[in-house]
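Student: This is the structure, below, for whatever I ask next.
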Amino acid sequence: RKEVEQDPGPFNVPEGATVAFNCTYSNSASQSFFWYRQDCRKEPKLLMSVYSSGNEDGRFTAQLNRASQYISLLIRDSKLSDSATYLCVVNRAGSARQLTFGSGTQLTVLP
Amino acid sequence: DGGITQSPKYLFRKEGQNVTLSCEQNLNHDAMYWYRQDPGQGLRLIYYSQIVNDFQKGDIAEGYSVSREKKESFPLTVTSAQKNPTAFYLCASSPRGRGYQETQYFGPGTRLLVL
């Protein structure tokens with residue numbers, strides 16, 4: 001089983017739609033969770049950290065379910081500029097500084 | 001501007017040649033990392049360094065070498081022993097530990113191609 005698993009997509013949604021991605025992780029001792037965004041042929045950029053209580057940043061909402069070991073990202077009112085690959089990232093148990101990256105979920109928002 | 005720079009943007013390697021990728025940061029971050037990304041795959045850790053003059057192997061260190069003589073710099077050498085070096089190489093850094101929830105910040109990357 002991969003340490004971090006994501007549905008690769010692609011997700012093709014119309015502008016204004018709500019879309020949700022899930023990610024599962026294998027190590028129950030992991031404590032840090034993030035969503036990164038990666039545009040085509042560019043570096044990953046931090047989108048948001050994921051906290052136990054869930055957190056929201058504008059149109060983006062992240063949730064963590066420790067019992068089921070999954071993380072979700074919800075994007076409301078999708079914009080064309082949201083088209084990118086979204087990477088689920090989890091720290092390795094026992095190492096705050098080593099991260100494991102999922103392969104990413106590709107999102108295309110259509111006009 | 002504070003940030004992480006990588007050079008060159010594109011690099012071509014001939015068979016049997018060693019090449020060095022540059023990574024510099026002026027964020028005063030202690031930890032630095034090198035990742036490799038292949039198409040359709042997640043990032044894989046090559047080497048990382050938490051302090052000057054110290055570094056550790058990641059998951060795929062074979063065929064690579066690094067040095068950390070200065071806090072700001074963490075160059076990666078792709079040696080001739082790396083048989084499949086064509087990939088997108090990403091350097092990242094993170095600040096000194098505040099425990100968990102540390103994030104890593106990436107440079108723009110170097111694309112290495114084998115001729």
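Student: Can you give the FRET efficiency for B:N18 and A:R41, using 1/(1 + (r/R0)^6), R0 = 30 Å, r = Cβ-Cβ distance, to the nearest 0.05?
Tutor: Calculated value: 0.75.
Student: Counting alpha carbon pairs within less than 8 Å and at least 6 residues apart, what relative contact order, in whole percent, applies to chain B?
Tutor: Computed value for chain B: 35 percent relative contact order.
Student: Please work out how much length the chain gains when fully extended from A:S28 to A:N55, using 0.36 nm per residue of separation minus the C-alpha to C-alpha distance, in nm with one decimal.
Tutor: Gain on extension, A:S28 to A:N55, equals 7.7 nm.
Student: If the limit is 31 Å between Cα atoms, which of A:K2/A:K42; A:K2/B:K71; A:K2/B:K70; A:K42/B:K71 go over it?
Tutor: Checking Cα-Cα distances, A:K2/B:K71; A:K2/B:K70 exceed 31 Å.
Student: Sum up the charges of everything whose Cβ sits under 13 Å from the Cβ of A:Q38, counting Lys and Arg as +1 and Asp and Glu as -1, but leave A:Q38 out.
Tutor: Net of charged neighbours comes to +1.
Student: Just name one of B:Q82, A:L64, B:S94: the one whose Cα is farthest towards the positive end of the charge dipole of the protein assembly as shown (beta-carbon charges, Lys/Arg +1, Asp/Glu -1).
Tutor: Toward the positive end, the furthest listed residue is B:Q82.
Student: To continue, here is another question. So how long is each side of the range A:55-106 along the principal axes, counting just the alpha-carbon atoms, biggest first, in Å?
Tutor: The principal-axis extents, from largest down, are 38, 21, 17 Å.
Student: Can you list the chymotrypsin sites (Phe, Trp or Tyr not before Pro) in the range A:51-111 that are in a DSSP coil and have 14 or fewer other beta carbons within 10 angstrom?
Tutor: A:Y51
Student: List, in order, the whole-Hz ³J(HN,Hα) value for each residue of the range A:36-42 obtained from phi through the Karplus relation with A = 6.51, B = -1.76, C = 1.60 and θ = phi - 60°; use x for Gly and Pro.
Tutor: Residue by residue, the range A:36-42 yields 10, 10, 10, 7, 4, 6, 10 Hz.
Student: Translational diffusion coefficient, Stokes-Einstein: compute it for the range B:52-115 using the Kirkwood radius over C-alpha pairs as Rh, at 25 °C and 0.890 mPa s, and state it as an integer in µm² s⁻¹.
Tutor: 181 µm²/s
Student: How much of the DSSP beta bridge set in the protein assembly as shown is antiparallel, as a percent to the nearest 5?
Tutor: Antiparallel bridges: around 90 percent, rounded to the nearest 5.
Student: Still on this structure: Evaluate the relative contact order of chain A (contact order divided by residue number), counting alpha-carbon pairs under 8 angstrom at least 6 apart; express in whole percent.
Tutor: Across chain A, relative contact order equals 37 percent.
Values quoted throughout were computed directly from the atomic coordinates according to the rules given, and no laboratory measurement underlies them. Owing to the predicted nature of the structure, the values given are computational and were not obtained by experimental measurement. Ideal geometry is used to build each Cβ from the backbone, glycine not excepted, and the neighbour counts take in all protein chains shown.
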